[in-house]
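What follows is a single structure, written as structure tokens, with notes after it.
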Amino acid sequence: KQWYQRRVRGAELGEQLKLASYVVVGIGVICTVIFHASVWKVQDIPKELPNIQHKDEKKKSTTLSEIKKAARSPNFYMLGLLYFMCRSELILYNFYQYFYYTQSLNLHEEAVAYLPFICLTVGGLGSIAVKAIVKRITAIGTFLLGMVLVIISGVVFMVLPSSYENAVVVPVITWSLGSILMYTLSLSFATNLLVTLKISDVGLWGVYNFIDRIVFGVLFVILQNFRPCPDSKECCEECAGFYRYAFGGGFAILALVAGILALGNHFTNPTIVIEKEARSDNNQNQITPASDETAA
């Protein structure tokens, strides 16, 4: 009887979900057009911009040679893992949110529609505010802020009782803001490495995305094997606890590892090292004339 009632209610919500999907796709298309219309094309760059090409680069570098060049930098692997952690944290949330809402919190099917909508709305607003936040507390500070928000959200998801179903909106909002801060800055950190190494981003992002999809697929299969009933298509009562900890604890652990990698990249970033060496050289140049005058 319960299965029949859910099926009837699902048919009633079908038109609403179809309309909501059309709205989401329409907004996505509009935002995509705006994004591509506002991005400079290569041929649109003014000619008076300085030439930043190396004098030693006489031949046009290939994708393979640029990947080899990036592979010699430890930050290449560090930022690759950082990007993977941020991507996996997002995908894990999207994969398990339905099971968490329906199995762990026993929410109605409407929650599967309006909670992701709230998540996307807050994420869109957060992406606009990233630049302002970075100006106030620096990039690494903003990333760590996002990490803290995601971890707190994961803990709340794990301990939130099903009787407080309306309170789930709060961790959804904090997770959306924290995850968009982390993901946006993971892209920024990788882009800064490309600028420092003076290589194109085609090969690097191709390697990152290829590894990301393969490794996460393997991790998802392994994680599903820990389900209390892995051989059954239907969820049992023990699945409620599994999805609670796999959902909240999973992306909280990924966020913590991403924060550690971000700190490691911050203190070993080639750009920071070059800036420190430049400042030390300037200080030596300023001290040397003064010592010469004193000796004279």
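Here are a few things to note about the model shown:
- Rounded to the nearest whole angstrom, the semi-axes of the ellipsoid equivalent to segment 125-245, taken from the Cα gyration tensor as √(5λ), stand at 33, 23, 9, largest first.
- Its alpha carbons give segment 127-188 an Rg and a Dmax of 13.0, 41 Å.
- When each of the peptides 208-218, 81-91 is scored by how many other beta carbons lie within 10 Å of its residues on average, the order from highest to lowest is 81-91, 208-218.
- Taking label points 7 Å from Cα along the Cα-to-Cβ direction, Val195 and Leu263 give a separation of 2.6 nm.
- The gain in end-to-end length when the Val207 to Tyr245 segment is fully stretched comes to 10.6 nm, 0.36 nm per residue minus the alpha carbon separation.
Bear in mind these aren't lab numbers, they're just calculated from the coordinates by the rules spelled out. If you're wondering where the values come from, they're calculated on a predicted model, not measured in any experiment. Note that we place each Cβ from the backbone using ideal geometry, even for glycine, and neighbour counts take in every protein chain shown.
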